[in-house]
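Every number here is computed from the coordinates shown, using simple stated rules; none is lab data. Not measured: the values here are computed from a predicted model. When we count neighbours, we look across all protein chains shown, and the Cβ atoms used for this are built from the backbone with ideal geometry, even at glycine.
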């Protein structure tokens, strides 16, 4: 009976450490392993028994966050009008990035921007397919590729999180500015629109 109990304790400790990392990084992207251990209520030996480095812990926290984000976006109904669907996706997804901006900053610092991009794959594909549907329907611009528009979409979301973090943008402003900016980004240019008619 003892080994299963130990495994259960270890699982709880690991989960507590990851949750503590998310909580600490939300306040300070440079939170130390000592701070995270204290928040988790475990000793440094226990923490390092689960995660050999800060980089490894941030990797685990980032992976968990990506899974949570994808689970939260999965129920969204993105059928129907592509413009309305994209607006819904923007309003839902920017808050996720805002919630996890500390972790994102830490992950970019420890793991690199390529890592963040790779772990956005499922969500990026969702956005790109939606943009392509809008392009085929004639409601989104086609003079720029769906890949580039998708990259711009995520850059804007991350940029907004960085501006909020720096105190230059309020959350209430981002809630209005982001949907408006992305709507302008994908809008059919006047010249393209006139050629279509």
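In nm, what is the difference between 0.36 nm times the number of residues separating residue 129 and residue 67 and their Cα-Cα distance? Value of the extension gain: 20.4 nm.
Take the Cα of residue 109, step 7 Å toward its Cβ, do the same at residue 48, and the gap between the two points is 2.1 nm. A Förster radius of 30 Å combined with the Cβ-Cβ distance from residue 122 to residue 185 puts the calculated FRET efficiency at roughly 0.90.
Coordinate range of the alpha-carbon atoms in the chain per principal axis, descending: 73, 40, 26 Å. Scattering from the range 123-197 was approximated by placing one identical point on each alpha carbon and applying the Debye formula without solvent; log10 I(q)/I(0) at 0.18, 0.22 1/Å stands at -0.74, -0.96. Among 48, 153, the order by Cβ neighbours within 10 angstrom, fewest to most, reads 48, 153.
Note on the range 1-52: percent of Cα-Cα distances in each 10 Å bin, starting at 0 and stopping at the bin with the largest distance, equals 28, 50, 18, 4, 0.
If you run the Gaussian network model on the chain, springs between alpha carbon atoms under 10 Å, then out of 87, 143, 59 the most flexible one is 143. Summary value for the chain: 20 percent relative contact order, contacts being C-alpha pairs under 8 angstrom separated by 6+ residues. Note on residue 147 and residue 38: the model spin-label points, each 7 Å out from Cα along the C-beta direction, lie 4.7 nm apart.
If the segment from residue 168 to residue 77 were pulled out straight at 0.36 nm per residue, it would be longer than the present Cα-Cα gap by 29.5 nm.
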